[in-house]
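Colleague: Handing you a structure now.
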Amino acid sequence: MNRLATLAIALVATLTVEAQTPGARNSHVLVSAGAGNGVLLFGGATNSSPRIVDTVWRWNGAAWQPLATDGPHSRSLPAAALDSRRGVVVLYGGNGSGSATRYGDTWEWDGQRWTERNVRTPGARDHHAMAFDEARGKVVMFGGLVGTTLARDTWTWDGTTWTFADSTTGPVAVGHHAMAYDSRRQRIVMYGGAPASGPRLSDTWEWDGVKWERIATVGGPGPRSHHRMAYDAQRGEVVLFGGGDTTSTDTWTYDGRTWTRHSVAGPSPRWSSAMAYDSDRKRVILFGGSQNARPYAALGDTWEWDGERWSRKQ
């Protein structure tokens, strides 16, 4: 075999491998996909073509698999959650990659295809967060950027209708916060975020299905935004990692009263990564984000948290 043919084979092999990885990105979503389905990744902002974020990817613990490209297109900063009662992933809003168009649409992924729901919505927004309240069968959304103003409104989605739920008991108007549903205590936990002015927030809030309550916790991760959280159902605790500052390589867990810092090696400092719980393998999965040091390049690495340590998978 001549040198040219060898190089061609090597190039094809390289492209094949690259085609089976989601690619470096930040401001994407990672969501549990239910029993037997691993976790799903969608959207984000990239260092290269914005079109690569149109693909839904599935992580099965060993490899990433592309599933579909026929749904929402070219957007970062959406929010998503698995409606485990109806067996669909709900995605809402986001910001157009390369266009700055802010979306207010509702999409659902049933495991095979996307469907846009033609319903009245809370309006176009990004920088928001969502979690599924299993006990009450509703997706809960809070905050985000609406127009040029941060919101402090709470909305719920039951599969048919978006309902305005609350705008008085919760945190101040905020974006880049994080939310996760604690199934053991049947509460949604929200932490931190960036308000319209002043320092990043360091408060813990919980949603009981009716109202928000600020929790007086023992310890805490401190002021931060652009971090991510996921609920570890095997161990009954919320896991938090990262954030938009130069020191957030720390991993924290929350049991409903106490925040505990875990002094372990793990992913590099980063902001706007994505995390979700793999219910089959009992692991929290983290993918990508952007490094905190300039030039803030997007990352494309895959990590798993087993309750004690992080391990890099790709």
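Colleague: Would you pick out the residues in the stretch 190-224 that are closer than 11 Å to Ala129 by Cβ and not aromatic (Phe, Trp, Tyr)?
Modeller: Of everything in the stretch 190-224, those that are closer than 11 Å to Ala129 by Cβ and not aromatic (Phe, Trp, Tyr) turn out to be Met190, Gly192, Gly193.
Colleague: Tally the residues that are touching a Pro at 6+ places or on another chain (Cβ under 8 Å) and among the polar types (S, T, N, Q), restricting the search to the stretch 218-270.
Modeller: Count: 4.
Colleague: Still on this structure: So in the stretch 249-267, with the set limited to residues that are closer than 16 Å to Arg224 by Cα and of a type outside the set (Val, Ile, Thr), which one is modelled with the lowest pLDDT?
Modeller: So, considering only residues that are closer than 16 Å to Arg224 by Cα and of a type outside the set (Val, Ile, Thr), the one modelled with the lowest pLDDT is Asp250.
Colleague: Working only within the stretch 226-280, note down all residues that are surrounded by fewer than 19 Cβ atoms within 10 Å (Cβ to Cβ), hydrophobic (A, V, I, L, M, F, W, C) and under 27 Å from Gly43 (Cβ atoms).
Modeller: Ala233 - this is the single residue of the stretch 226-280 that is surrounded by fewer than 19 Cβ atoms within 10 Å (Cβ to Cβ), hydrophobic (A, V, I, L, M, F, W, C) and under 27 Å from Gly43 (Cβ atoms).
Colleague: Same structure, new question: Does any residue in the stretch 149-164 that is exposed (fewer than 14 other Cβ atoms within 10 Å of the Cβ) come within less than 9 Å, Cβ to Cβ, of a residue that is assigned to a strand (DSSP E or B) and charged (D, E, K, R) six or more places away or on a different chain, and which pairs are these?
Modeller: Thr160/Arg117; Thr163/Lys138; Phe164/Asp153
Colleague: Quickly run through the stretch 109-132 and pick out the residues that are more than 16 Å from the chain's Cα centre (by Cα) and not basic (Lys, Arg).
Modeller: Answer for the stretch 109-132, where residues must be more than 16 Å from the chain's Cα centre (by Cα) and not basic (Lys, Arg): Asp110, Gly111, Gln112, Trp114, Thr115, Glu116, Asn118, Val119, Thr121, Pro122, Gly123, Ala124.
Colleague: On to the next question. If we keep just the residues of the stretch 84-110 that are at pLDDT below 95 and not in a strand (DSSP E or B), which is surrounded by the most Cβ atoms within 10 Å (Cβ to Cβ)?
Modeller: Applying the filter and picking the extreme gives Ser97.
Colleague: Further, regarding this structure: Check Gly23 against each of (1) more than 23 Å from Leu91 (Cβ to Cβ); (2) at pLDDT 75 or above and name the one condition it does not meet.
Modeller: (1)
Colleague: I would also like to ask the following. For Glu206, all conditions in the list (1) acidic (Asp, Glu); (2) in contact (Cβ under 8 Å) with a residue 60 or more places away in the chain; (3) under 17 Å from Gly192 (Cβ atoms) hold save one; what is the number of the exception?
Modeller: (2)
Colleague: Across the stretch 174-202, what is the total count of residues that are of a type in the set (A, V, I, L, M) and either surrounded by fewer than 20 Cβ atoms within 10 Å (Cβ to Cβ) or closer than 21 Å to Val119 by Cα (or both)?
Modeller: 1
Colleague: Next question. Restricting to the stretch 174-211, name every residue that is among the hydrophobic types (A, V, I, L, M, F, W, C) and either over 19 Å from Trp271 (Cα atoms) or in a strand (DSSP E or B) (or both).
Modeller: Scanning the stretch 174-211 gives Val174, Ala178, Met179, Ala180, Ile188, Val189, Met190, Ala194, Leu201, Trp205, Trp207, Val210.
Colleague: Identify all residues within the stretch 47-83 that are crowded, with 18+ Cβ neighbours inside 10 Å, assigned to a loop (DSSP other than H, G, I, E, B) and small (Gly, Ala, Ser); write none if there are none.
Modeller: Gly71, Ser74
Colleague: Which count do you get for residues in the stretch 158-199 that are at pLDDT 95 or above and either within 18 Å of the chain's Cα centre (by Cα) or not hydrophobic (A, V, I, L, M, F, W, C) (or both)?
Modeller: Matching residues across the stretch 158-199 total 27.
Colleague: Evaluate the stretch 125-141: report whether one residue or more is touching a strand residue (DSSP E or B) at 6+ places or on another chain (Cβ under 6 Å), of a type in the set (Asp, Glu) and closer than 26 Å to Asp301 by Cβ.
Modeller: Yes, the conditions are met somewhere in the stretch 125-141.
The values are calculated or read from the model by the stated rules, or taken from the named source; none is laboratory data. None of the values given here were measured: they were computed from a predicted structure. FYI the Cβ positions are ideal-geometry reconstructions off the backbone, even for glycines, and counts take in every protein chain you see.
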